[in-house]
Amino acid sequence: MEILRFRGRVVTTQDVDEIKELIAANPLASRRALSSLLCEKWDWRQANGTLCAMVCRSLMLELHRAGHIQLPPVRWTNPNPLAHRRKPNLLDVDQSPVSCSLGKLGPLHFVQVRRSPEERLFNSLLQTHHYLGYTQPVGEHLKFLVYGGARPIACFGWSSAPRHLGPRDRFIGWSMSARRANIRFLAYNTRFLVLPWVRVRHLASHLLGRMSRLLSGEWERVYNHPIFYLESFVDPERFLGTCYRAANWRFLGETQGRGKDDLRHAPNRSLKLVLGYALRRDFRRLLCEEPAS
């Protein structure tokens with residue numbers, strides 16, 4: 001008998017009985033330890049093989065609150081690192097003007113810098129020169145610095161795509177179950193910055209084109225799965241999205257201005273343009289594929 005559905009997973013009375021037996025067999029285990037044990041038992045893993053321990057803890061907590069299981073008392077509350085995260089340190093870089101044609105700029109090098117010594121430079125450049133500043137991504141994400149010779153000239157930030165996005169979901173045409181199963185094959189362009197002292201015509205659209213050819217391979221190298229579709233938001237009060245359109249990104253519609261944590265179903269922020277770019281011609285077939293039952 002089905003008890004509930006959680007993140008696409010059906011939880012039955014048999015599953016609940018297994019969780020109760022697991023708790024009874026490990027009376028001294030913490031909630032964190034129990035979630036890891038349950039993931040091992042169910043072989044519940046992310047695409048890169050890591051246990052889905054955090055999602056599993058959320059599932060067990062929901063079952064606990066609904067009265068289906070009894071979890072041990074909370075032993076320790078982890079302080080929210082996002083609420084107390086320090087801003088990136090400001091780093092000095094050469095800001096002498098770069099003004100030339102694209103052809104004379106020289107070779108450009110894209111470097112994935114997450115978990116590398118250069119990540120500090122990426123964070124600092126965004127914090128100092130992007131109008132939104134730097135925000136630490138959560139979930140799957142990659143960071144790229146683009147170098148012209150030895151000098152950084154641009155930054156790209158990519159992360160997991162939002163779970164719900166009306167214009168995108170209608171354009172793809174996937175079902176709810178297909179979206180839950182395949183949302184990991186989308187990447188969201190959280191930040192794109194050409195440094196303000198770099199003035200090269202057509203550079204932004206050229207970088208977007210180069211980036212689109214590199215991203216899926218880098219994502220698969222880090223997270224063991226490819227990317228089939230890219231998306232981004234553009235604030236029309238500041239920008240027109242010209243470089244995205246020049247790079248053949250497609251306008252999909254506008255957001256509702258409510259944000260992911262909206263509870264009142266009323267706009268609470270500015271509307272954004274939603275733009276998308278397919279990395280494969282058969283992206284719809286791949287993204288609309290239903291999960292195995």
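Using only Cα atoms, find the angle between the long axis of helix 13-25 and the longest principal axis of the chain, and express it within 0 to 90 degrees, rounded to the nearest 10.
On a 0 to 90 degree scale, this one is about 80.
Mind checking the alpha-carbon convex hull of the stretch 127-176 and giving the volume per residue in Å³?
Numbers: hull volume 6.6 nm³, N = 50.
So the per-residue Cα hull volume is 132 Å³.
State the three equivalent ellipsoid semi-axes of the stretch 2-51, derived from the C-alpha gyration tensor as the square roots of 5 times its eigenvalues, in descending order and whole Å.
They are 18, 17, 8 Å, listed largest first.
Please report the relative contact order for the chain, taking Cα pairs under 8 Å with a sequence separation of at least 6, and give it as a percent rounded to a whole number.
It comes to 15 percent, rounded to a whole number.
Taking H placed 1.01 Å from N in the peptide plane, check which residues at least 5 places from Gly253 or on another chain put their amide H under 5 Å from its amide H.
Those qualifying (amide H under 5 Å, at least 5 residues apart or on another chain) are Val274.
To the nearest 0.05, how large is the calculated FRET efficiency for Arg32 and Thr12 if R₀ is 30 Å and r is the Cβ-Cβ distance?
Given R0 = 30 Å and the Cβ-Cβ separation, E is 0.80.
Which one, Phe185, Phe239, Phe144, has the greatest fluctuation when you compute a Gaussian network model over the chain with C-alpha springs under 10 angstrom?
Comparing Phe185, Phe239, Phe144 in the GNM, the peak value goes to Phe239.
Give me the Å³ per residue figure for the convex hull around the C-alpha atoms of the chain.
162
Pulled fully out, how much extra length does the chain show between Arg65 and Asp235, if you take 0.36 nm times their separation in residues and subtract their Cα-Cα distance?
57.2 nm
Using a Gaussian network for the chain with springs between C-alpha atoms less than 10 Å apart, which of these wobbles most: Leu145, Leu125, Leu51?
Leu51
Tell me which trypsin sites (Lys or Arg not before Pro) from the stretch 1-77 have a DSSP coil assignment and no more than 12 other beta carbons within 10 Å of their own.
Passing both the DSSP loop test and the Cβ count: Arg7, Arg75.
Under the rule of at least 5 residues apart or a separate chain, name every residue whose amide H is placed under 5 Å from the amide H of Val113.
Counting only residues 5 or more places away or on other chains, the set is Lys143, Phe144, Leu145.
Taking the alpha carbon gyration tensor of the stretch 24-75, what are the square roots of 5 times its eigenvalues, largest first, to the nearest whole Å?
In descending order the semi-axes read 19, 12, 9 Å.
Using the Cβ atoms and a cut-off under 11 Å, what net charge is assigned to the surroundings of His68, where Lys and Arg are +1 and Asp and Glu are -1? All intermediate terms of the calculation are to be shown ahead of the outcome.
Working: positive: Lys20, Arg65; negative: Asp15, Asp17, Glu62.
Here the charged neighbours net out to -1.
Let me confirm the definition first: pairs of Lys residues in the chain, 8 or more apart or on different chains, C-alpha distance under 30 Å. How many are there?
Taking the chain as the scope, the lysine pair count is 8.
Sort Ile69, Ile153 so the one with the fewest other Cβ atoms within 10 Å of its own Cβ comes first.
Ascending number of Cβ neighbours within 10 Å: Ile69, Ile153.
Throughout, read-outs are computed from the coordinates displayed, never taken from laboratory work. Because the structure is predicted, anything quoted here is derived from the model rather than measured. Cβ atoms come from the backbone with ideal geometry, glycine included; neighbour counts cover every protein chain shown.
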